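Below is one structure, written out as structure tokens, with a few remarks after it.
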Amino acid sequence: MFDSLRPDPSFYATPRLAMQAPAENFAYTLMLSPDGSQPDALAVVDVAPGSASHGRVVHKVVMPYRGDEFHHFGWNACSSMLSPLSGHPFTERRYLVIPGIRSSRIYIVDTKPHPTQAKIVKIIEPEELFRKTGYSRPHTTHCGPEGIYISTLGGGGVDGTDGPPGLFLMDCENFEILGRYEMDRGPQRMSYDFWWNIPQNYMVSSEWGLPPQFENGIVPEDLLANRYGHHLHFWDLRGRKHIQSIDIGANHQMALEVRPAHEPTKEYGFLGVVVDTTNLEGSIWTWYREGGQFHARKTAVIPPEPADAALLPDLLKPFGAVPPLVTDIDLSLDDRFLYVACWGTGELRQYDVSDPMAPRLAGSVHVGGIARRTPHPSGKSFAGGPQMLEISRDGKRVYFTNSLYSTWDTQFYGAALPGAQVMARVDEAGGFALDKDFFVGFDEGYSAHQIRLEGGDCSTDSYCFPSV
């Protein structure tokens with residue numbers, strides 16, 4: 001009886017304690033059918049060192065419907081449950097919450113009693129999401145002390161433009177949709193990623209575009225006219241009110257992933273921006289709070305790479321260059337290394353961000369890329385480029401996949417991308433290298449997107465107590 005009154009052993013009060021925890025044995029990876037001819041699926045990959053099935057898919061949960069387009073997903077509970085302000089400290093990190101970005105359907109997958117026995121236990125149909133929130137196209141999932149928060153990319157109506165998108169909350173135990181998060185959304189009219197600092201009581205969110213701007217591929221006219229998102233939004237987390245917007249400049253198109261510092265005493269974080277329409281650069285921005293106000297500064301730029309136009313998709317031929325296309329970033333738990341996925345050029349960069357206002361390039365690997373097409377060290381072809389990243393809690397391993405979004409994959413790479421998941425090993429002093437023996441291929445006809453790690457990872461948990 002008393003075991004049920006103990007916090008989940010995968011909840012850690014501080015980032016440092018999480019770094020000292022046992023390593024992951026399994027990775028959960030989303031598989032999507034780009035043409036919708038098969039149902040999407042969740043793959044369970046064995047990543048335990050020394051395992052006979054290391055680097056192989058050991059279980060799959062295949063969905064009952066087609067056309068979901070899996071993209072991002074998350075846990076029902078995490079270390080934020082230890083918040084002294086509220087929370088459900090005895091809830092288990094057990095269920096994966098998997099939204100379909102096209103169908104607006106949400107699946108709940110139980111990973112107990114063992115990852116290789118994971119199964120669907122609940123399906124939330126899109127009509128319930130529409131009825132209770134008016135939102136569509138659910139995207140990022142985070143667990144917070146009060147429940148599960150999910151951002152959306154669409155409002156109401158068939159094309160998702162009937163009203164702005166936003167966030168909604170779900171109960172973390174029975175998975176009932178509770179309703180919209182926003183009490184006052186201010187000027188926020190686009191949505192994408194979000195995260196927070198719970199003790200400092202703020203949330204930050206970012207912008208991509210509205211459904212007609214991404215569902216059928218990038219819209220060149222909208223990009224060149226700077227009509228994609230370029231704002232950061234800051235919120236009173238508990239008050240659920242918008243408090244400030246920062247326009248990083250209309251030329252900085254598609255402000256995507258936000259990564260706050262994990263240490264809750266630090267009031268800064270990082271933003272990845274896909275492209276600068278004036279020069280095709282990608283960029284990293286650091287936001288910080290000073291004097292009660294939030295500020296953002298561009299702290300790193302990644303230049304495009306010149307390329308033979310014959311190697312480029314039609315969209316890029318006039319430029320004779322490949323933009324890096326910064327599509328994901330991830331921050332190690334010690335807040336030391338920021339990893340930046342350059343999906344266009346096929347590069348994964350490692351920045352030392354010990355000084356968050358002056359990131360220093362500490363390492364780089366190439367695999368794939370629109371023009372380079374660099375093979376994996378194993379000799380296997382790697383279609384696409386580094387995309388969704390996930391870092392182990394101890395910071396020693398970086399896993400990543402290769403697909404961005406089905407229609408964008410085809411637009412930039414000419415075809416659907418056969419799913420691949422690889423891993424890099426990190427040197428303690430900085431620098432990293434791809435593991436030539438770790439290459440996960442997925443079933444024919446499937447691409448691969450986001451990864452979650454058993455027991456938590458660097459883009460899952462929020463911490464409520466300072467490290468000692």
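Below, the figures for the structure above:
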| quantity | calculated |
| --- | --- |
| Hits in segment 428-441 (condition: in contact with a Lys or Arg (Cβ under 9 Å, 6 or more places away or on another chain) and not in a strand (DSSP E or B)) | Glu428, Gly430 |
| Qualifying position, being out of contact with any Asp or Glu (no Cβ under 6 Å at 6 or more places or on another chain), surrounded by 18 or more Cβ atoms within 10 Å (Cβ to Cβ), at positive phi and in a loop (DSSP other than H, G, I, E, B), among Gly384, Gly379, Gly344 | Gly384 |
| Residue under evaluation Pro220, criteria (1) touching a Cys at 6+ places or on another chain (Cβ under 7 Å); (2) under 26 Å from Glu69 (Cα atoms), criterion not met | (1) |
| Single unsatisfied condition, Asp171 versus (1) in contact with a Gly (Cβ under 7 Å, 6 or more places away or on another chain); (2) over 20 Å from Thr460 (Cβ atoms); (3) of a type in the set (Asp, Glu) | (2) |
| Leu223, sole failed condition from (1) surrounded by fewer than 22 Cβ atoms within 10 Å (Cβ to Cβ); (2) in contact with an Asp or Glu (Cβ under 6 Å, 6 or more places away or on another chain); (3) over 18 Å from Asp159 (Cβ atoms); (4) of a type outside the set (Ser, Thr, Tyr) | (2) |
| Sole exception among (1) in a strand (DSSP E or B); (2) more than 21 Å from Asn174 (Cβ to Cβ) for Ile98, by number | (2) |
| Hits in segment 288-318 - residues which are free of Cβ contacts under 8 Å to residues at least 12 places away in the same chain and either outside any loop (DSSP other than H, G, I, E, B) or buried (at least 19 other Cβ atoms within 10 Å of the Cβ) (or both) | Glu290, Ala309, Ala310, Lys317, Pro318 |
| Residue among Val326, Val275, Val353, Val322 that alone is under 19 Å from Thr401 (Cα atoms) and touching a residue at least 12 places away in the same chain (Cβ under 8 Å) | Val326 |
| The one condition in (1) touching a Phe, Trp or Tyr at 6+ places or on another chain (Cβ under 9 Å); (2) surrounded by 20 or more Cβ atoms within 10 Å (Cβ to Cβ); (3) within 23 Å of Cys458 (Cβ to Cβ) that Val61 fails to fulfil | (3) |
| Residue within segment 400-417 that is in a loop (DSSP other than H, G, I, E, B), under 20 Å from the mean Cα position of the chain (by Cα) and at positive phi present | no |
| Residue ID - farthest from Cys464 (Cα to Cα), chosen from residues in segment 243-287 that are part of a loop (DSSP other than H, G, I, E, B) and hydrophobic (A, V, I, L, M, F, W, C) | Leu280 |
| Qualifying positions in segment 422-465 - out of contact with any His (no Cβ under 9 Å at 6 or more places or on another chain), more than 30 Å from Asn197 (Cα to Cα) and crowded, with 20+ Cβ neighbours inside 10 Å | Val440, Phe442, Tyr446, Ser447 |
| Scan of segment 386-441 for residues that are farther than 25 Å from Gln38 by Cβ, of a type in the set (Gly, Ala, Ser) and touching a residue at least 24 places away in the same chain (Cβ under 8 Å), ordered by number | Ser392, Gly395, Ala424, Gly430, Gly431, Ala433 |
| Restricting segment 121-139 to residues that are touching a Phe, Trp or Tyr at 6+ places or on another chain (Cβ under 6 Å) and among the β-branched types (Val, Ile, Thr), the residue that is nearest to Trp208 (Cα to Cα) | Thr133 |
| Failed item, numbered, when Gly395 is tested on (1) surrounded by fewer than 24 Cβ atoms within 10 Å (Cβ to Cβ); (2) closer than 25 Å to Tyr288 by Cβ; (3) over 19 Å from the mean Cα position of the chain (by Cα) | (3) |
| Matching residues in segment 177-192 - criterion: being of a type in the set (A, V, I, L, M, F, W, C) and farther than 26 Å from Asp328 by Cα | Ile177, Leu178, Met183 |
| Subset of segment 35-58 (residues that are under 16 Å from Ala448 (Cα atoms) and in a loop (DSSP other than H, G, I, E, B)) | Asp35, Gly36, Ser37, Gln38, Gly55, Arg56 |
| Selected residue (only one of Thr116, Thr141 is of a type in the set (S, T, N, Q) and either surrounded by 16 or more Cβ atoms within 10 Å (Cβ to Cβ) or within 24 Å of Leu256 (Cβ to Cβ) (or both)) | Thr141 |
| Single residue of Ala23, Ala48 found to be over 28 Å from Glu146 (Cβ atoms), touching a residue at least 60 places away in the same chain (Cβ under 8 Å) and of a type in the set (Gly, Ala, Ser) | Ala23 |
| Per-region count, segment 107-137, residues within 17 Å of Asn76 (Cβ to Cβ), part of a strand (DSSP E or B) and either of a type in the set (Gly, Ala, Ser) or touching a Leu at 6+ places or on another chain (Cβ under 7 Å) (or both) | 1 |
| Odd one out for Ser83 among (1) modelled with pLDDT of 95 or more; (2) surrounded by 15 or more Cβ atoms within 10 Å (Cβ to Cβ); (3) small (Gly, Ala, Ser) | (1) |
| Residue check for Ser51: farther than 18 Å from His142 by Cα, surrounded by 22 or more Cβ atoms within 10 Å (Cβ to Cβ) and of a type outside the set (A, V, I, L, M) | no |
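The values are calculated or read from the model by the stated rules, or taken from the named source; none is laboratory data. Given the structure is predicted, the values throughout are model-derived calculations rather than measurements. In this analysis, Cβ positions are derived from the backbone assuming ideal geometry, glycine residues included, and neighbour counts consider all displayed protein chains.
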